[in-house]
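Colleague: Starting off with a structure, shown below.
The values are calculated or read from the model by the stated rules, or taken from the named source; none is laboratory data. Since the model is a prediction, treat every value here as computed from it, not as a measurement. A quick note on method: Cβ atoms are made from the backbone with ideal geometry, for glycine too, and the neighbour counts reach across all protein chains shown. Protein only, heavy atoms only, side chains kept; ligands, DNA and RNA dropped before computing areas. Shrake-Rupley method; radii C 1.70, N 1.55, O 1.52, S 1.80 Å.
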Amino acid sequence: MDFAFLLIGNGILIGLMYSLIALGFVLVYKATDAINFAQGEFVMLAALISGSVIVGAGLPFWVAVIVALAAMIAFSFALERVVLRPLLGRPIVAVIMATIGLAAILRGLGPFIFGSGTRSITLPVGDEPIEFGPFILQPVQLVGALVSLLFLGAFSWFFLKSRMGVAMRAVADNQQVASAMGINVERYFALAWAMAGIVAALGGIVWGSMLGVDVQVALVGLKVFPVVILGGLDSIPGAVVGGLIVGIVENLAAGYLDPVVGGGTKDFAPYVLMILALMFRPYGMFGKRKIERV
Amino acid sequence: MLSLNNIEVVYDGVILVLRGVSVEVREGAITTILGANGAGKTTTLKAISGVLYSERGEITKGSIELAGQRLNGKRASDVTRLGIAQVFEGRRVFEHLTAEENLIAGGHIMPDIKSIRDGIDMVYTYFPRLRERRHQQSGYLSGGEQQMLAIGRALMSKPKVVLLDEPSLGLAPMLVEEIFAIVQRLVKQEKLTVLLVEQNATLALGIAEHGYVMENGRIVLEGDAEKLRSNSDIKEFYLGLNEVGARKSYRDVKHYRRRKRWLS
């Protein structure tokens, strides 16, 4: 039983960290209807930047956080302006292909600019595991999970309660009508991408400190798809629940199935769930349904 | 107040949709544009509000002026700031937002929360039914409620001119009357100026002061609502009455089709 608790506790923390990355994906989809296949590469870029600030330049951790945030905001603003705005009004496939291309470019240019060796960055917390009842928690994961919860809460509040959040949802609902309400649609698109940049910066730092900083961090982005399909592409609570499910399922598979079949189930178990979700609930658990009145 | 001078609208660079349309909207009154499907009524409204440009349309000639200020070429979000609000055809509420969030989005250009609250209160006094539905997702409201919400949302930006596009579309006659009565009250009490586009000529000419008739992207007839109502062409083609003023029987239609006088 202790083993199960261990797996579940670990799964919850990892799951929340997945949620953080999925959040960046959800923010962009919610506001602009664009599917960002480069979310994992955003995270990788942020990790590489903070890695080179801490290890390369030898600066303290908090400097790396600020630099990564600033760099990712600037990067996503520029990206929206240069690549995505000209694609406005084109078929959605155009944006998807553009982000896939972008992902490949980033994965190639990242090591080119920042070096290909694995650097390790450490959060300024100890590495003694914390025992909490039946759970044994890694401090790195605990911090990662707390950061995730904080931002998930903050963005939920933003969308539900603030005027800007309401305007952003209006833009997502109908761009033409929103612009007739005096809402500057393009500015809100830029804002959505900038928020995705912020989330990616934080994700890069927590994932980078857990996995080590190199191009492999981008693979975390692949886990975003089962998370958002399970939770719903445009739902922040969905990102949380989806992340928790993926994290827990992954850990249980690693703990119970891998020893039996010889390993590997951890990596595909979430995708099995994703396919099941697509069959039975294509808009996810919390995604917005198409409204049909009769 | 709002005037269109000889405007020409081209879609996709080649399709000529409006050919020299001139409309004068008088302050504090309802002006109506009548016409059949595809006559160019909605395009006229979109040209004013600037929504046209996001549909690859373009004003190639003429000018649109609001109290002396030129509107052509301005983006929709800027036109709204100058005091024009459009109520779209088919209501187009933000379906996934609640009724009240729709109103908040409508008041996007207002400077502070207080003016938004005042705006919401004002909308609720004219449309009490929206107050009951305030926390309901607007996509699930009834058609009439959605139309009320669409009008209320447009009022939130405290516009000088409201462009109303076919508010009667798909609604029960009783609801249409209710909504038209509220629009009339808004014009009187809030000193609103309205440009109303309608297919339902009887209703529109009943509340408007001045009217225009469009066909094939042109204005073919204009005049005071009173005068238009008694025009025999209008009676025949838009009000469904014959020369004597009696209701037309379908049996007669095949016998004799009146030729529109305005087609030279």
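Colleague: In the structure shown, do any of B:Lys160/B:Lys191; B:Lys61/B:Lys158; A:Lys290/B:Lys41; B:Lys46/B:Lys74 have a Cα-Cα gap over 20 Å, and if so which?
Modeller: From B:Lys160/B:Lys191; B:Lys61/B:Lys158; A:Lys290/B:Lys41; B:Lys46/B:Lys74, over 20 Å: B:Lys61/B:Lys158; A:Lys290/B:Lys41.
Colleague: Then there's this: By per-residue mean of other Cβ atoms within 10 Å, what is the highest-first order of A:80-88, B:105-113?
Modeller: The packing order, highest mean first, is B:105-113, A:80-88.
Colleague: For every helix of n ≥ 4 consecutive DSSP H residues, a contribution of -39,500 (n - 2.57) applies; sum these over chain A, divide by its total residues, and give [θ] at 222 nm rounded to the nearest 500 deg cm²/dmol.
Modeller: -22500 deg cm²/dmol
Colleague: Run through the DSSP bridge list for the protein assembly as shown and note the antiparallel percent, rounded to the nearest 5.
Modeller: Rounded to the nearest five, the antiparallel share is 60 percent.
Colleague: So, with +1 on the Cβ of K and R and -1 on the Cβ of D and E, and no other charges, what is the size of the charge dipole of chain A about its Cα centre, to the nearest 20 debye?
Modeller: 1080
Colleague: Along each principal axis of its Cα atoms, how long is chain A end to end? Whole angstroms, biggest number first, please.
Modeller: On the principal axes, chain A reaches 57, 53, 33 Å in Cα extent.
Colleague: Can you classify segment B:4-148 as rounded, prolate or oblate using the Cα gyration tensor, where a ≥ b ≥ c are the square roots of its eigenvalues, rounded means a/c under 1.5, and otherwise it's prolate if a/b beats b/c and oblate if not?
Modeller: prolate
Colleague: OK, next. Largest first and in whole Å, give the semi-axes of chain B's equivalent ellipsoid, each being the square root of 5 times a Cα gyration tensor eigenvalue.
Modeller: After scaling each eigenvalue by five and taking roots: 31, 23, 16 Å.
Colleague: Using helices alone, I'd like the mean residue ellipticity at 222 nm for chain B: each DSSP H run of four-plus residues gives -39500 (n - 2.57), total over residue count, nearest 500.
Modeller: The helix contribution divided over chain B gives -9500 deg cm²/dmol.
Colleague: Moving to a separate point now. Excluding ligands and nucleic acids, what accessible area in Å² is computed for B:Arg75 using a 1.4 Å probe, to the nearest 10?
Modeller: 100
Colleague: Based on the Cα atoms of segment A:161-274, what semi-axes does the equivalent ellipsoid have, where each is the square root of 5 times one gyration tensor eigenvalue, given in whole Å with the largest first?
Modeller: Those come to 36, 17, 10 Å.
Colleague: Based only on Cα atoms, what Rg/Rh ratio does the protein assembly as shown have, Rh being taken as Kirkwood's radius?
Modeller: Taking Rg over the Kirkwood Rh, I get 1.10.
Colleague: Another one. Give me the 1.4 Å probe accessible area per residue for segment A:1-69, excluding ligands and nucleic acids, in Å².
Modeller: 30
Colleague: Same structure, new question: State the answer as a single residue: which of B:Ser77, B:Leu196, A:Pro226 lies farthest towards the positive end of the charge dipole of the protein assembly as shown, with beta carbon charges of +1 for Lys and Arg and -1 for Asp and Glu, about the Cα centre.
Modeller: Farthest along the dipole direction, towards plus: B:Leu196.
Colleague: Before I look further, what does segment A:94-144 give for accessible area per residue, probe 1.4 Å, in whole square angstrom?
Modeller: The answer is 61 Å² per residue.
Colleague: Reachable aspartates and glutamates from B:Lys260, Cα under 19 Å, same-chain residues fewer than 8 places away excluded?
Modeller: Result set, ordered by chain and number: B:Glu215, B:Glu222, B:Asp233, B:Glu236, B:Glu243, B:Asp252.
Colleague: With the cut-off at 23 Å, report for segment A:48-168 the share of all Cα pairs above it, as a whole percent.
Modeller: 56
Colleague: Residues of B:83-95, mean number of Cβ from any other protein chain within 10 Å of their own Cβ, rounded to a whole number?
Modeller: What the average comes to for B:83-95 is 3.
Colleague: What does the convex hull of the alpha-carbon atoms of segment B:92-158 project to on average, in nm²?
Modeller: For segment B:92-158, the mean projected area of the Cα convex hull comes to 3.8 nm².
Colleague: Am I reading the A/B interface right? What is its buried accessible area, both sides, 1.4 Å probe, to the nearest 100 Å²?
Modeller: Adding both sides of the contact gives about 2500 Å².
Colleague: From other protein chains only, count the Cβ atoms within 10 Å of every residue's Cβ in A:167-176, then give the mean.
Modeller: 5
Colleague: Could you pull out the trypsin sites (Lys or Arg not before Pro) across segment B:123-191 that fall in loop regions by DSSP (anything but H, G, I, E, B) with no more than 10 other Cβ atoms inside 10 Å?
Modeller: Those that pass, being in a loop and sparsely packed, are B:Lys191.
Colleague: Quick one: accessible surface of B:Ser232, probe radius 1.4 Å, all protein chains present, in square angstrom to the nearest 10.
Modeller: Taking all protein chains as shown, B:Ser232 has close to 40 Å².
Colleague: Also: Please state the shape class of segment A:194-260: rounded when a/c is under 1.5, otherwise prolate if a/b exceeds b/c and oblate if not, all from the C-alpha gyration tensor.
Modeller: Taking the square roots of the gyration eigenvalues as a ≥ b ≥ c, segment A:194-260 is oblate.
Colleague: Moving to a separate point now. Under unit Cβ charges (Lys, Arg +1; Asp, Glu -1), what dipole magnitude, rounded to 20 debye, does chain B have relative to its Cα centre?
Modeller: Dipole magnitude for chain B comes out near 460 debye.
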